[in-house]
Amino acid sequence: MAQLFIPKSYQPVLDLKQTEHAIKTIKDHFQTALSAELRLRRVTAPLFVMKGTGINDDLNGTERPVAFPVKEFNDQKAEVVHSLAKWKRMMLADYEIEQGYGLYTDMNAIRPDEELDNIHSLYVDQWDWERHISSAEYNLDYLKYIVEKIYEVMKRTEFVVFERYPAIQPILPETITFIQSQDLLDKYPELSPKEREDAIAKEHGAVFIIGIGHQLSNGEKHDGRAPDYDDWSTSTVNGYHGLNGDILVWNPILERSFEISSMGIRVSPEVLNKQLAIENCPERAELLFHQRLLKGELPLSIGGGIGQSRLCMFFLRKAHIGEIQSSIWPDEMRQTCKENKIILV
């Protein structure tokens, strides 16, 4: 409950019925536009994968996946996915998707270690996407190019919402601002990573923080990233590092930065070995996914996840993710929200 934020004089713009219609409008438009913009084919995704294959997303490396024994596999354990960061790259190879094209899927996950608040739920729904790239596109300029394409889809979706519900005025800036995580630290050396995100998002409205996972000049990471999907260690211009990052917007309802997407260019075989060594987990190289990558069976790619409920929450000016998705919440949180006109579905 200490994490729950109650906006002053909160009044939802849409009622429950209107909200359900608006959610469908946003999801239908956004995924169609994203598919067209990035040339992505929709595929069906797994809810769980076998434990010990290295396919599941390790997130920060500390979160526990939901696991269960499978009778037909002699009680070997399967895990509910955290995300499909590595699975998608294997599918690019297995579906033989050509360079310049990719795939996306509706990803549903359970993250039991999440601390429940306005934007975090046990249930995660996002569009996971992956696109086959060339070696010439394995660079920072190409990362920015894809980020700008996604941002254009966000702006078009915001306008669709405005046309349908004129009371919800567009607030996204015309362009998204790029900043390296090290530059962000240099700009706000006295602030924590989260406070730095709040400050830069409030200043610019929409930002992409580049380089998340590597160590900064203060000896800390901006945030954690697993070593085996995003490339966060490749040197780029001016000695900075990282070919990944997060799309953040300023959320005026919550008065804070608001992460919409985590994404990046995926590790090459060489970078995989490098990052496994940095994180002191070289043994992962023996797992199924890692072996396929090291043997050259997987294409170079760029990919990420875009939060479906997060996107709807932002566009509909909602104060709690539970106004968008059905999940479970502490009774005290439900009651406090109800008293403040925040109706959790």
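Only one entry of Leu143, Leu243, Leu184, Leu172 meets the criterion of being buried (at least 20 other Cβ atoms within 10 Å of the Cβ), within 27 Å of Gln31 (Cα to Cα) and either touching a helix residue (DSSP H, G or I) at 6+ places or on another chain (Cβ under 7 Å) or without any contact (Cβ under 8 Å) to a residue 12 or more places away in the chain (or both), and that entry is Leu243.
A single member of Ser235, Ser257, Ser261, Ser192 is touching a strand residue (DSSP E or B) at 6+ places or on another chain (Cβ under 8 Å), surrounded by fewer than 16 Cβ atoms within 10 Å (Cβ to Cβ) and either under 22 Å from Gly303 (Cβ atoms) or of a type in the set (Gly, Ala, Ser) (or both), and it is Ser235. Considering only residues in segment 207-232 that are acidic (Asp, Glu) and over 18 Å from Leu276 (Cβ atoms), the one that is surrounded by the fewest Cβ atoms within 10 Å (Cβ to Cβ) turns out to be Glu220. Applying the criterion of at least 3 residues that are over 26 Å from Leu287 (Cα atoms) to the helices (runs of 4 or more DSSP H) found wholly in segment 69-188 leaves 140-164, 181-187.
Residues considered: Asp198, Asp125. Of these, the only one that is more than 30 Å from Glu270 (Cβ to Cβ), in contact with an Asp or Glu (Cβ under 8 Å, 6 or more places away or on another chain) and surrounded by 16 or more Cβ atoms within 10 Å (Cβ to Cβ) is Asp125. Do we find a residue being at pLDDT 95 or above and assigned to a strand (DSSP E or B) anywhere in segment 233-245? Checked against the condition, which is being at pLDDT 95 or above and assigned to a strand (DSSP E or B), segment 233-245 yields at least one hit. Scan segment 154-206 for residues that are among the acidic types (Asp, Glu) and either under 15 Å from Leu216 (Cβ atoms) or modelled with pLDDT under 95 (or both) and the total you get is 5. Considered as a group, the residues in segment 7-26 that are within 23 Å of Thr336 (Cβ to Cβ) and polar (S, T, N, Q) include one that is surrounded by the most Cβ atoms within 10 Å (Cβ to Cβ), and that residue is Thr19. The condition of being modelled with pLDDT of 95 or more, surrounded by fewer than 23 Cβ atoms within 10 Å (Cβ to Cβ) and either out of contact with any His (no Cβ under 7 Å at 6 or more places or on another chain) or not in a helix (DSSP H, G or I) (or both) holds for only one of Leu276, Leu344, that being Leu276. Going by what's in this entry, would Leu254 be described as over 16 Å from Phe178 (Cβ atoms), touching a residue at least 24 places away in the same chain (Cβ under 8 Å), among the aliphatic types (A, V, I, L, M) and part of a loop (DSSP other than H, G, I, E, B)? Yes; evaluated as a whole, the condition is true for this residue. What number goes with the only condition from (1) of a type outside the set (Lys, Arg); (2) in contact with a strand residue (DSSP E or B) (Cβ under 6 Å, 6 or more places away or on another chain); (3) exposed (fewer than 15 other Cβ atoms within 10 Å of the Cβ) that Asn74 does not pass? Against the list (1) of a type outside the set (Lys, Arg); (2) in contact with a strand residue (DSSP E or B) (Cβ under 6 Å, 6 or more places away or on another chain); (3) exposed (fewer than 15 other Cβ atoms within 10 Å of the Cβ), Asn74 comes up short only on (2). State yes or no: is Lys17 part of a helix (DSSP H, G or I), farther than 30 Å from Ser301 by Cα, more than 18 Å from the chain's Cα centre (by Cα) and charged (D, E, K, R)? It is true that Lys17 is part of a helix (DSSP H, G or I), farther than 30 Å from Ser301 by Cα, more than 18 Å from the chain's Cα centre (by Cα) and charged (D, E, K, R).
So that you can scan it fast, the table gives a plain yes or no per residue for (1) outside any strand (DSSP E or B); (2) within 30 Å of His132 (Cβ to Cβ); (3) out of contact with any His (no Cβ under 6 Å at 6 or more places or on another chain):
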| position | (1), (2), (3) |
| --- | --- |
| Asn280 | yes, no, yes |
| Ala285 | yes, yes, yes |
| Phe289 | yes, yes, yes |
| Gly303 | no, yes, yes |
| Ala319 | yes, no, yes |
| Gln325 | yes, no, yes |
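The values are calculated or read from the model by the stated rules, or taken from the named source; none is laboratory data. Source: prediction; values computed, not measured. All Cβ positions, glycine included, derive from the backbone under ideal geometry; neighbour counts span all protein chains shown.
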